[in-house]
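Structure record follows, encoded as structure tokens.
The values are calculated or read from the model by the stated rules, or taken from the named source; none is laboratory data. Bear in mind that the values here come from a model prediction, so they are computed numbers and not experimental data. Every residue, glycine as well, gets a Cβ built from its backbone with ideal geometry; the counts of neighbours run over all protein chains shown.
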Amino acid sequence: MDKKTINDIVNSTDHTAGRVFVFIIQFLILLSLITFSIDTLPNLSEKTQNILNVLEVVTVAIFTAEYILRLVVADSKIRFATSFYGLVDLAAILPFYLTTGLDLRAIRSFRFLRLIRILKIFKYNKAIGRFRRAFAIAKQELVLFGFVAAILLYLSAVGIYYFENAAQPDLFKSVFHSMWWAITTLTTVGYGDAYPITVGGKIFTCLVLMIGLGIVAVPTGVLASALTQARDEEAK
């Protein structure tokens with residue numbers, strides 16, 4: 001099998017072999033996450049543990065082969081190895097080799113790194129590509145909005161501190177302690193663990209809540225518009 005054929009299989013979905021390859025990798029990613037979750041259950045039988053170990057070995061073997069094949073067909077080996085998805089592919093298999101020969105306590109500390117494999121599934125989803133283009137299109141607007149949101153967050157913390165510090169010194173000890181209230185209120189989450197009891201604090205909270213609606217709505221609208229533009233560009 002020549003280099004071009006391998007490249008068509010591992011890096012393209014224009015052919016049946018490429019689509020089958022993508023399906024297998026996606027299936028293995030989901031299988032790996034399921035086995036990881038099962039592995040956290042207490043009092044697993046030895047038989048179940050052995051099955052999980054076999055599945056892990058098979059999964060890692062295929063992921064390792066995939067990584068090597070991608071490295072072989074890459075025009076620039078260093079660029080692939082240091083790219084985001086190249087690092088994700090490596091991180092998806094590295095915990096297995098790092099824990100080989102170590103005691104069980106070390107294995108338990110490393111096994112959570114297997115969750116990095118979930119990032120691999122993004123590589124095979126066209127919708128993720130649209131989101132990347134949408135973020136690129138709306139980058140300036142989102143950066144500006146993030147800056148404005150940070151200022152509003154700070155001003156909200158300062159405002160509630162001055163209104164509530166005297167009445168609730170334990171909850172609103174400082175502007176920094178008031179940040180938690182500002183975050184939960186501006187994002188309209190409102191856990192209820194910190195709330196105003198003074199008249200001024202309640203009026204100020206109403207104002208912050210109305211601003212919070214914009215904090216949620218504005219970036220949603222900007223991204224929705226950018227996604228529409230990205231989809232239109234893709235259709236051309």
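On the stretch given as the range 53-70, residues that are crowded, with 16+ Cβ neighbours inside 10 Å and either in contact with a helix residue (DSSP H, G or I) (Cβ under 6 Å, 6 or more places away or on another chain) or among the small types (Gly, Ala, Ser) (or both) total 8. Condition first: part of a helix (DSSP H, G or I), over 15 Å from Gly190 (Cβ atoms) and not hydrophobic (A, V, I, L, M, F, W, C). Now tell me which residues in the range 204-236 satisfy that. Within the range 204-236, Gly214, Pro219, Thr220, Gly221, Ser225, Thr228, Gln229, Arg231, Asp232, Glu233, Glu234 qualify. Residue check, Thr198 against (1) loosely packed, with under 13 Cβ neighbours inside 10 Å; (2) more than 22 Å from the chain's Cα centre (by Cα), all met but one. Which one? Going through (1) loosely packed, with under 13 Cβ neighbours inside 10 Å; (2) more than 22 Å from the chain's Cα centre (by Cα) one by one, Thr198 breaks only (1). Annotation note: Cβ proximity below 7 Å between a residue of the range 48-62 that is of a type outside the set (A, V, I, L, M) and a residue that is surrounded by 12 or more Cβ atoms within 10 Å (Cβ to Cβ) (sequence gap 6+ or interchain) occurs for Glu56/Thr35; Glu56/Phe96; Thr59/Leu28; Thr59/Leu31; Thr59/Ser32.
Among the residues of the range 141-173, just one is among the aromatic types (Phe, Trp, Tyr) and in a loop (DSSP other than H, G, I, E, B), namely Phe172. Of all residues in the range 1-17, those that are in a loop (DSSP other than H, G, I, E, B) have Cβ atoms under 6 Å from Cβ atoms of residues that are among the basic types (Lys, Arg), 6 or more apart or on another chain, in Thr13/Arg19. Cβ-Cβ distances below 9 Å connect the following pairs, each with a first residue in the range 143-172 that is over 18 Å from Leu207 (Cβ atoms), a second residue that is among the β-branched types (Val, Ile, Thr) and modelled with pLDDT under 90, and a separation of six or more residues or different chains: Phe145/Ile215; Phe145/Val218; Phe145/Val222.
Quick grid of which residues meet (1) of a type in the set (Val, Ile, Thr); (2) within 23 Å of Phe21 (Cα to Cα); (3) in contact with a Leu (Cβ under 7 Å, 6 or more places away or on another chain):
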| residue | (1), (2), (3) |
| --- | --- |
| Leu41 | no, no, no |
| Leu44 | no, no, no |
| Lys47 | no, no, no |
| Ile62 | yes, yes, yes |
| Tyr67 | no, yes, yes |
| Ala74 | no, yes, no |
| Ile78 | yes, no, no |
| Gly86 | no, yes, no |
